1. Quick one: in the stretch 158-208, which of the residues that are small (Gly, Ala, Ser), more than 23 Å from Trp138 (Cβ to Cβ) and over 34 Å from the mean Cα position of the chain (by Cα) is modelled with the highest pLDDT?
2. Could we say that Ser144 is farther than 20 Å from Pro51 by Cα, at pLDDT 90 or above and not basic (Lys, Arg) here?
3. Quick one: is Lys536 open to solvent by 30 Å² or more (accessible area, probe 1.4 Å) and either in contact (Cβ under 8 Å) with a residue 60 or more places away in the chain or in a helix (DSSP H, G or I) (or both)?
4. When the stretch 287-305 is examined, which residues are found to be in contact with a Lys or Arg (Cβ under 9 Å, 6 or more places away or on another chain) and farther than 16 Å from Pro322 by Cβ?
5. Can you go through Pro487, Pro517 and tell me which one is open to solvent by 20 Å² or more (accessible area, probe 1.4 Å), modelled with pLDDT of 85 or more and closer than 18 Å to Asp447 by Cβ?
6. Could you please find all residues in the stretch 242-282 being under 21 Å from Cys323 (Cβ atoms) and without any contact (Cβ under 8 Å) to a residue 24 or more places away in the chain?
7. Of the residues Ser503, Ser522, which is touching a residue at least 24 places away in the same chain (Cβ under 8 Å) and touching a Ser or Thr at 6+ places or on another chain (Cβ under 7 Å)?
8. Restricting to the stretch 130-179, count the residues that are of a type outside the set (A, V, I, L, M) and in a helix (DSSP H, G or I).
Amino acid sequence: MAMVDEPLYPIAILIDELKNEDIQLRLNSIRRLSTIARALGEERTRKELIPFLSENNDDDDEVLLAMAEELGAFIPYVGGVEYAHVLLPPLETLCTVEETCVRDKAVESLCRIGSQMKESDIVDWLVPLVKRLAAGEWFTARVSSCGLFNVAYPCSPDMLKTELRSIYGQLCQDDMPMVRRSAASNLGKFASNVEPAHLKADILAMFEELTQDDQDSVRLLVVEGCAALGKLLETPDCVSSVLPVIINFSQDKSWRVRYMVANQLYELCEAVGSGTTRSDLVPAYVRLLRDNEAEVRIAAAAKVTKFCQILGSELAIQHILPCVKELSYDSSQHVRSALASVIMGMALVLGKDATIEQLLPIFLSLLKDEFPDVRLNIISKLDQVNQVIGIDLLSQSLLPAIAELAEDRHWRVRLAIIEYIPVLASQLGVQFFDDKLGALCMQWLEDKVFSIRDAAANNLKRLAEEFGPEWAMQHIVPQVMEKMNNPHYLYRMTFLHAIALLSPVMGAEITCQSLLPVVINSSKDRVPNIKFNVAKVLQSLIPVLGSSVVDKTIRPCLVELSEDSDVDVRYFAGQALRSCDQMMSC
């Protein structure tokens, strides 16, 4: 009897847990569906588990979402593609629930299953499901149906395709704005599966219908469809049908629609082609750059370099650069920040002369902006300007501003400068670096913010790698050794960290002669934090130095630290001693 009851056990647990008041138990049960299906076998999963799930009326969205996700990967557990259609009923039910994320996941799972189904099964099972949802009394079913046409359409016979196009057209004119939004959002995907002849006859009619919608939430979704549809149409058709829509939308009464045009502009330009962009879209883009709404200007400013790449240098200087100058003084800090994040790329488009004359003053203005994110965005892209105007001009015009920012009151700005210093150093060369920036690099080691001190220590290592150990021995090591007498223990810890980072770059000889004595001397420090950091630094030096130095110098120091009164010092000293022993035993 036990052998007969055993297969029933998993489904019994599932049913019990799905009816449990505790949501976590119900969730756990749903997430174990694949395990339960394996235990039941393919046939019983089809005949018992799936029908049970279809009838399950759980009212918790989290449980329904988990079920929608699990069923999308359930084909192997019902017997493969041949039986994939049995998974459609529970997912069809989930497509009608009120919660949007559950419906979206159910549609995603249906698309995933539909893409694996045989063509005959799609016609027999999936297409009727789409038609039922599209005719659903409640709007949620009709919303879900819009996302399934792109899977159901390609495999359908011609008569059925005609019917599906007609149904989609009706959804585009649905009374409920939510349904029209879904139709607008999925139009591009549906259009990509429709034959070219019907694209012009049917899809363009739907597209034009949606562009006239009185709801801005529908029109803004049509903007995304413009780019997708434009790429499917022949260029003349695109220019005659899609371009007027883009131009009208750039002047739409709703700022959300204008924002979407600004955000999608580069993709829209690709759809209509560079020639049409130069002749027809420049005025529309200029309007967006000067829009009354800051959000629209932010989106437009973020695309300025990409748009200039399409226009070329001459048109960019003539039409776009005046707007860029205005935006660099925009009342919204977020507009200036968006501009600063891309404006450096314009140097590559405009060329050396225009960059020096027109862009450099804008860069300097943004580098002195009161908003730290604006300054950060400029700093992080300086290398793009260097490629165009050369390091001499860059250093003359921008370096004073960079030196000023190195002492900025916002630590993130100082951090960005530090991270850029090695790149700048490699471009400037040793002599220029020593004269202009060397002192700053040591100054940062005593910053009040830990992240700055840590980055400054890493910066010294990268500079030593760039200029070589001899330069580091002359310019870095003496100053680090001198600063080890700083009265504040946090700074002394930073210098120890810098020594640990520099040692592998400097090599065994310099480390042994100059850096190791400083570390050994610090083991006598009165602060336990310094002493256990000494133990960690000594442990990091073991691979750098030879076994004789480890045995004669490092080990005795660690033995002394291992007997310290502080438990943390003893712990790290013990760890380092074990590393010594491992090295000596090799």
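The values are calculated or read from the model by the stated rules, or taken from the named source; none is laboratory data. Since the structure is predicted, the reported quantities are computational estimates derived from the model, not experimental observations. As a convention, Cβ positions derive from the backbone with ideal geometry for all residues, glycine included, and neighbour counts pool all protein chains shown. For the accessible areas, the whole protein counts, side chains as well, though only heavy atoms, and no ligand, DNA or RNA atoms are used. Shrake-Rupley method; radii C 1.70, N 1.55, O 1.52, S 1.80 Å.
1. Ala205
2. Values: farther than 20 Å from Pro51 by Cα: yes; at pLDDT 90 or above: yes; not basic (Lys, Arg): yes.
In short, yes.
3. Considered against the rule, which asks whether it is open to solvent by 30 Å² or more (accessible area, probe 1.4 Å) and either in contact (Cβ under 8 Å) with a residue 60 or more places away in the chain or in a helix (DSSP H, G or I) (or both), Lys536 comes out as yes.
4. Glu293, Glu295, Val296, Ala299, listed by residue number.
5. Pro487
6. Within the stretch 242-282, just Ser279 meets the criteria.
7. Among Ser503, Ser522, only Ser503 is touching a residue at least 24 places away in the same chain (Cβ under 8 Å) and touching a Ser or Thr at 6+ places or on another chain (Cβ under 7 Å).
8. Counting residues in the stretch 130-179 that are of a type outside the set (A, V, I, L, M) and in a helix (DSSP H, G or I) gives 20.
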